[in-house]
Every structure is written in C-alpha cells, then in structure tokens.
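The values are calculated or read from the model by the stated rules, or taken from the named source; none is laboratory data. Because the structure is predicted, anything quoted here is derived from the model rather than measured. Positions of Cβ are backbone-derived with ideal geometry, glycine not excepted, and every protein chain shown enters the neighbour counts.
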Ligand SMILES: *Cc1c(COP(=O)(O)O)cnc(C)c1O
C-alpha cells in the first residue's frame, strides 16, 4: 500500500485524465444487456492492477451520464472545480459531523450561505445531505415534529403514534415524497392528492384551501412542488404560503432542481415565495453540477430539527449545532467541498449561465420537435425539460434507437406514454442539441 501511495498521483491522474478527455465520445448510456456476473475475490492486484481491471471489465458498461448528451432523469454533470473538490474530499477524508477537530463544518456552512444567497433563502439555515430524497425526508421529519408541537407532544420522544391522524396534501409530489412518508412512519396512504389546475401539474390553490378547510383546524403538512419532473410546473408558492393565515400547516417545498430558476432573472418569478416555506429541498448533484451525493435541506425551525436529529453521547460532548445533530447521518464525507469549489470558481455568473443555457437548449429541442412531422410536445417547455411523444413510434424504441448518441428516459403524462429530455449539464452545447434531435429522428448513425 505504501508503494501505491507514491504512485497514486501518476496512476490516477493518467486514468482520470483519459476518462475526462473521452467523456464526450462515450455512449450516452449502455442499454441493458446481460449482467456482468460477480466474481469471487481474486488475489491482490495492487492499485495498477485494480485500475486496469476496472478499465477493461467495468468501464465499457458505464454510462456517459457526466457527458453532454445524457438527457435522462434530471442528471447534472460535474464542473471541473466540483470534480477537484470531490477528489480533495477523498484525499483529506474529513468527517464534518462535529467541530471537534477541524473547520470543515464551517466550510460547509459558508457554502450553504452562498447557496441561500443565490436561491433567495435568507431566512433559512441549511444542512448537507446525500440527495433530494434525504432532503425531503429531513424536511418532512421536521414537519412531523411541528405537528407534535401543535398537538403538545414531542414526536421524537413519544413516537409518531402520539400524533393520531396525519394529513399530507400535495398536487404532484415527487415519488421520493411517498418514500419519505413511508420511512417517517407517516405512511404513504396519508398523502392526499389535491387537484391540479386544468392541463397543469400545479396545484389548484382553491382546491387546496378547500381540503385544508375540511380538516376543521387540524394542522397538516402541505408539500408544494417547485419544478415537477415531467413538465417542470411550479406551484404558486406565494398563494399557498398565504393560506397559512387561515389554516395551520407546515409548508415543505420540493425544489430539487427548480430552485435554480432563481438564478435566471427571466425565470426567477417561478420560485417567488420560496423563502416563505418552512422547509425546502434543493438537490446539488442536478443543476449545480456537482458529482453525485449532494443536496441541501433548508429549514426555518432549527430547534425542531435538532429535536428530531440530536445524537447526544458523552464522547460527542454536550448539545451543539454540529452537523450530526441536524440530519439522519452522523459520520459522513465532506460533501460540501465540491459545492464550495464550484461556487467559488464560477460564482453567480457561471452558475446562472449554466441554468440559462439549459433552458435555452430545452426550448431549442422543443422547437425542433414541434417543426418535425410525427413529434408532439406533451406539454409546453416551461424550463429545462422537454416532455414529448411520437405519433407512431413507441418511446422504448425511440430511446433504443437514439443510442449511443443520446439518452432519454420514458415517462407517462396524463395517461400518454412519452419521453423526457432534461437539460442540466454544463457541457451540453447547441451542437449537442442538434445531434440529439438527429438521434431521435432515427438518422443512420453515420449521418448524425
Ligand atoms: C430528483 C428529484 C428528487 C429525488 O432526488 P434524489 O437526488 O434522487 O434523491 C426529488 N424531488 C425532485 C423534484 C427531483 O427532481
């Protein structure tokens, strides 16, 4: 191992440099084929041997998801500075759970402050978690504790049964909200879907108010969406927040990627009112373009958050605001460093440019599809996702035929099968949009 340590910089930088240089040429995704069978642990190969085997056995099956033409899900790339920050995270291997031994938690706090500034969340405190699912779970755990506060019980101590009936209202919640409700003991069935506006995925606020009024003053949780995954629709956050004047509820906003609309002055209105939310979920491994394993949970009730997540032990000292008392994890990697690096390197201007380019590219693909025979948009392009279908070709066939050039994922919108193209990678250029369109159109590979 000591020999490997000396050779690590050379071996790794060569390997990673080759991967970075060839990212554009990788298949956007590798279609499902025969599974690579697991092998029993072979004799030790050393670092060089391990990297060589990784390159030959595993790399060919990996997706170009960090590259410019992976349009599935909402998949951000990784800016150069964020990759550097991520590498340094491994090299330094800090555990930012406490402030006992380093300033690492303060670096994360600075990064969270920068994000709060960019996203217009001056009244919130934040904590790093692994992704938006964890951010939603953490926000809803604080919501659950707030229900307890209203009922005069500490759910953290008494358990969720002490709450009795729980109602969660939402128009178009992300699937991870249901998962979070399951994990939190609230239960998937206690989610009640409120009607959306006609032809929209945004809540009908009047219908939401009716549902709240029907609770007769019993406090509830409302989950609003700031960016749905199919049509990137936004709930009217200001109008929903204003309902709290008449009805008691905790407002959790899932703004996993939509929060970044705040960076584009032309689109910032979509997230107006975000600061009024009690808790907000923001993913960073999507539109901020940091490597996977990064999201922030913003909250306005750190006291309740602490009540849920505190992890007191003699060897951890007394009560504090150290990160381990704020989220499900205790020990963890310093995931804030990748975000810190990209924000410091590219600032508001650089990240605004990524967001605005993505939006322009989604609109461009929407125009190309609208003008071409057979294609139909299932919804207008609102931000960075195009949701579309073809009159005669099945989505799965289209997805297969577009590979290896570009990758799209299937969906269903209002009962109609379709596809999604999500733009959120800093590497994507206008030429990539044209190439993606040609791949969709089924041009023979050599003509693309
Ligand atoms: C992606 C996404 C999530 C889940 O995020 P993960 O990072 O996969 O945990 C939740 N909500 C919305 C709106 C999303 O787009």
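Observations on the model:
- Applying the set (1) in a loop (DSSP other than H, G, I, E, B); (2) within 29 Å of residue 295 (Cα to Cα); (3) modelled with pLDDT of 95 or more to residue 32 leaves exactly one unmet item: (3).
- The residue that is surrounded by the fewest Cβ atoms within 10 Å (Cβ to Cβ), counting only those in the stretch 91-101 that are in contact with a helix residue (DSSP H, G or I) (Cβ under 9 Å, 6 or more places away or on another chain) and assigned to a loop (DSSP other than H, G, I, E, B), is 100.
- Pick from the stretch 383-392, criterion out of contact with any helix residue (DSSP H, G or I) (no Cβ under 8 Å at 6 or more places or on another chain) and assigned to a loop (DSSP other than H, G, I, E, B), ranking: farthest from residue 369 (Cα to Cα): 392
- The number of residues in the stretch 280-308 that are in contact with a strand residue (DSSP E or B) (Cβ under 9 Å, 6 or more places away or on another chain) and within 16 Å of residue 330 (Cβ to Cβ) comes to 2.
To keep it simple, each residue is scored yes or no on (1) under 30 Å from residue 239 (Cβ atoms); (2) within 20 Å of the chain's Cα centre (by Cα).
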site	(1), (2)
269	yes, no
278	yes, yes
290	no, yes
295	yes, yes
299	yes, yes
302	yes, no
311	no, no
315	no, no
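- Search result, residues across the stretch 116-134 that are within 22 Å of residue 267 (Cα to Cα) and either within 15 Å of the ligand (Cβ to nearest atom) or part of a helix (DSSP H, G or I) (or both): 116, 117, 118, 119, 132
- The lone criterion from (1) farther than 24 Å from residue 251 by Cα; (2) more than 16 Å from the ligand (Cβ to nearest atom) left unmet by residue 358 is number (2).
- Total residues in the stretch 76-90 satisfying the condition of being farther than 27 Å from residue 325 by Cβ and either surrounded by fewer than 20 Cβ atoms within 10 Å (Cβ to Cβ) or more than 21 Å from the chain's Cα centre (by Cα) (or both): the figure is 3.
- Residues located in the stretch 25-52, provided they are closer than 14 Å to residue 67 by Cα and surrounded by 13 or more Cβ atoms within 10 Å (Cβ to Cβ): 26, 27, 28, 29, 30
- Filter result (without any contact (Cβ under 8 Å) to a residue 40 or more places away in the chain and on the phi < 0 side of the Ramachandran plot) within the stretch 408-425: 410, 412, 416, 417, 419
- Residue in the stretch 283-299 that is under 15 Å from residue 351 (Cα atoms), within 16 Å of the ligand (Cβ to nearest atom) and not in a loop (DSSP other than H, G, I, E, B) present: yes
- Hits in the stretch 252-277 - residues which are away from the ligand (no atom under 13 Å from the Cβ) and either part of a helix (DSSP H, G or I) or crowded, with 24+ Cβ neighbours inside 10 Å (or both): 262, 263, 268, 269, 270, 274, 275, 276, 277
- Condition check for residue 308 on (1) away from the ligand (no atom under 14 Å from the Cβ); (2) under 30 Å from residue 67 (Cβ atoms); (3) in contact with a helix residue (DSSP H, G or I) (Cβ under 9 Å, 6 or more places away or on another chain): one failure, at (2).
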